[in-house]
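S.K.: Below you'll find the structure I mean.
The values are calculated or read from the model by the stated rules, or taken from the named source; none is laboratory data. Here the structure is a predicted model, which means the values were calculated and not measured. Because the Cβ atoms are built from the backbone with ideal geometry, glycine has one as well, and the counts that use them run over all protein chains shown.
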Amino acid sequence: MDEADRPPLAARMWLGVAHGVGGLFRAFGPESLEKDQRRDGFPFLLVLLACAGAVVEWFFIGEQIAQNISAYTWGLLVGRVAFVLPVLLLLLAGWLFRHPSSVHDNGRIGIGFGFFVLALAGFCHVASGAVDKFGELSRPQPKDGMPALSAAGGLFGWMLGEPLAHLTAVVAYIVLGLLALLSVLILTKTPPNRIGERLGDLYAWMFGAERPCARRQSTRRLRTTPTTRTRCPGGVATRPVAKRTPTTGSTRRRSPPCWMSRAARAPTNRPSSSTRPGRTRRPRCSPISVR
């Protein structure tokens, strides 16, 4: 690479540290990515944001300066979800380290993650209702200031939860729960009709159990090839069933049944065995399929 084509020193330092952190995340599983397929810059930024959020939300909890920082950053957007947002960002960064956009389509992951965070913010806003001095249930509004809004569901939680809360709190919780369930299905790429199967796969992965379908498949592999039983004058014999050819889908031509006359089975241009004195032929066997 020419000197003019090389990235700046700051970019090389950033990517070097990002590759090191990404290698730590990829060390927990088999490495299947080539060096040119890695996209570690953005996941490393998510790791730094998660670390900064953990310092503000966890280690300086209750401090006035930490509350002000949270009220005008993540708390402004998602409210009290900012307390668990560092964990969610670390999980998202781990996925992106191991499944970069150069190999996988992560649009589904972004949509599911956004829906899940919005559902949590809506829960926080609906649950933040308190009875005011007039005896009415009120929730924080943007006119109350950013610190009050960040103590609930933030701006996104207010936009999603406030219209639902005008109906009833029960309806709001049901709709938000369905949105959270939808986000989980999107993240795991699970159709609604396969929820039970995916739960069984999760149980088998966690406890090392064997799925019933896997046992059935292994039993099918151990079964022998089906055979046919033929009736012959000298006894009973078995032979494999005629298989279909993969190209045309047709079966092999079977011999005519023994009850058919020799004249009907022989070609028209050849004399039958009855016209040839001194020659007798043993009739062929007719296959009978046995399951």
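S.K.: Across region 55-80, which residue is nearest to V117 (Cα to Cα) among those that are outside any helix (DSSP H, G or I) and without any contact (Cβ under 8 Å) to a residue 40 or more places away in the chain? Walk me through it before giving the result.
M.R.: Filtering region 55-80 down to residues outside any helix (DSSP H, G or I) leaves 60-63, 72-73.
Still in the running and without any contact (Cβ under 8 Å) to a residue 40 or more places away in the chain: 60-63, 73.
Values: F60: 23, I61: 21, G62: 23, E63: 25, T73: 15 Å.
Going through the qualifying residues, I end up with T73.
S.K.: Let me ask something else about it. Could we say that F59 is out of contact with any Lys or Arg (no Cβ under 6 Å at 6 or more places or on another chain) and exposed (fewer than 11 other Cβ atoms within 10 Å of the Cβ) here? Spell out how you get there, then give the answer.
M.R.: On the way: out of contact with any Lys or Arg (no Cβ under 6 Å at 6 or more places or on another chain): yes; exposed (fewer than 11 other Cβ atoms within 10 Å of the Cβ): yes.
When the stated conditions are applied, F59 passes them.
S.K.: In the set R231, R239, R220, which member is exposed (fewer than 10 other Cβ atoms within 10 Å of the Cβ), at pLDDT below 75 and either closer than 18 Å to A127 by Cβ or out of contact with any helix residue (DSSP H, G or I) (no Cβ under 8 Å at 6 or more places or on another chain) (or both)?
M.R.: Working: R231 fails: exposed (fewer than 10 other Cβ atoms within 10 Å of the Cβ); R239 fails: exposed (fewer than 10 other Cβ atoms within 10 Å of the Cβ).
Answer to the check: R220.
S.K.: Now, a different point. Pull up region 96-113, narrow it to residues that are in a helix (DSSP H, G or I) and touching a residue at least 24 places away in the same chain (Cβ under 8 Å), then point me to the one that is farthest from the chain's Cα centre (by Cα). Can you show your working first?
M.R.: Applying the first criterion (in a helix (DSSP H, G or I)) to region 96-113 yields 96-98, 107-113.
From what's left, touching a residue at least 24 places away in the same chain (Cβ under 8 Å): 96-98, 108-109, 111-113.
Numbers: L96: 15, F97: 17, R98: 15, R108: 10, I109: 10, I111: 14, G112: 12, F113: 14 Å.
Looking at the filtered set, the residue picked out is F97.
S.K.: Can you tell me how many residues in region 19-29 are more than 15 Å from W95 (Cβ to Cβ) and touching a residue at least 12 places away in the same chain (Cβ under 8 Å)?
M.R.: Here the count works out to 1.
S.K.: Out of (1) of a type outside the set (K, R); (2) in contact (Cβ under 8 Å) with a residue 40 or more places away in the chain; (3) over 30 Å from Q37 (Cβ atoms), the odd one out for L167 is which?
M.R.: Of the numbered conditions (1) of a type outside the set (K, R); (2) in contact (Cβ under 8 Å) with a residue 40 or more places away in the chain; (3) over 30 Å from Q37 (Cβ atoms), the odd one out for L167 is (2).
S.K.: Let me ask you something else. Name the residue, out of D36, D40, that is under 26 Å from the mean Cα position of the chain (by Cα), crowded, with 16+ Cβ neighbours inside 10 Å, more than 30 Å from A151 (Cβ to Cβ) and modelled with pLDDT under 90.
M.R.: Sole residue among the options that is under 26 Å from the mean Cα position of the chain (by Cα), crowded, with 16+ Cβ neighbours inside 10 Å, more than 30 Å from A151 (Cβ to Cβ) and modelled with pLDDT under 90: D40.
S.K.: Does G20 satisfy the criteria of being closer than 26 Å to V184 by Cα, out of contact with any Cys (no Cβ under 8 Å at 6 or more places or on another chain) and of a type outside the set (A, V, I, L, M, F, W, C)?
M.R.: Numbers: closer than 26 Å to V184 by Cα: no; out of contact with any Cys (no Cβ under 8 Å at 6 or more places or on another chain): yes; of a type outside the set (A, V, I, L, M, F, W, C): yes.
No: the conditions fail for G20.
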